[in-house]
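All remarks here apply to the structure that follows.
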Amino acid sequence: MEHKKTYNAKELKTIHGSLIIEGPISPEKLKSLEFHHDLVAFRPPEQQHKALVEIAGLPEGRIIIARHGEMVVGYVTYLYPDPLERWSEGKMEDLVELGAIEVIPKFRGCAVGKNLLIVSMMDDAMEDYIIITTEYYWHWDLKNTGLNVWDYRKMMEKMMNAGGLTWYATDDPEISSHPANCLMARIGDRVSLESVEKFDRLRFMNRFMY
């Protein structure tokens, strides 16, 4: 499968100044930018910056960033699912995972996450993919947002809806372990029926186990 990537960008005006939301960004460009020290949700900032540069260089990897001048203040990643997850078991070339989305505290509440998803979907090539995201409440920043699990889940769903991702049922044990966890997905217009059926089988792998 050919992995086309078409760059898109838009300006987002916020109370803290204008941001450029752009991508998929090249590894070279990403390497040349500064990475904000508050981007700490997944690993220390310098390590995360390095990891994003690597993802940007993968054939299927896509990084969309929010940039304040030359400083990255938010990003979203797309790549093939982790080999240890059930979503990789179908070895589907047209299934990618929205793996991480992060925005620094200063720009939260400014619709940055929503716009990262909108710019992601401006690329017509996204119609060739099933895009999934797995939401686990233990990854959520409940402390700094002051939101409870259900309000945070509502906020996440609303943000994912902006990119066309909607809730899908699954019997995945980790997702099923807490009612706030969820699977969301967007099935592109050009995805084959065969791939949709394969995805359905991945969603319900325990159906015939007794």
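Observations
- Approximate spin-label separation His37-Asn144, in nm, with each point projected 7 Å along Cα-to-Cβ: 1.4 nm
- Candidates per GluC sites (Glu not before Pro) in segment 1-103, loop by DSSP, up to 11 other Cβ within 10 Å: Glu2, Glu70
- Between 0 and 90°, nearest 10: helix 193-203 axis offset from the chain longest Cα axis: 90 degrees
- Taking the chain and dividing mean pair separation by its residue count, relative contact order in percent (alpha carbons under 8 Å, at least six apart): 18 percent
- Residue pairs exceeding 25 angstrom between C-alpha atoms, taken from Lys29/Lys154; Lys158/Lys198; Lys4/Lys198; Lys5/Lys143; Lys91/Lys154: Lys29/Lys154; Lys158/Lys198; Lys5/Lys143; Lys91/Lys154.
- DSSP loop trypsin sites (Lys or Arg not before Pro) with at most 11 other Cβ within 10 Å excluded, longest remaining stretch of the chain: 92-206
- Projecting label points 7 angstrom from Cα along Cα→Cβ for Lys91 and Trp167 puts them 3.5 nm apart.
- q = 0.10, 0.13, 0.18 Å⁻¹: log10 I(q)/I(0) that the Debye formula gives for the chain, counting C-alpha atoms only: -0.42, -0.72, -1.40
- Anisotropy class of segment 94-210 from Cα gyration tensor, a/c 1.5 cut: oblate
- Within the chain, percent of DSSP bridges classed antiparallel, to nearest 5: 85 percent
- Cut-off 12 Å between beta-carbons: net charge of the residues surrounding Glu89, Lys and Arg +1, Asp and Glu -1: +2
- 0 to 90° range, to nearest 10: angle between helix 149-162 axis and the chain longest Cα axis: 80 degrees
Quick note: the coordinates plus some simple rules give every number you see, no bench work behind them. Since this is a predicted model, take the numbers as computed values, not measurements. With ideal geometry, Cβ positions are generated from the backbone for all residues, glycine too; neighbour counts draw on all protein chains shown.
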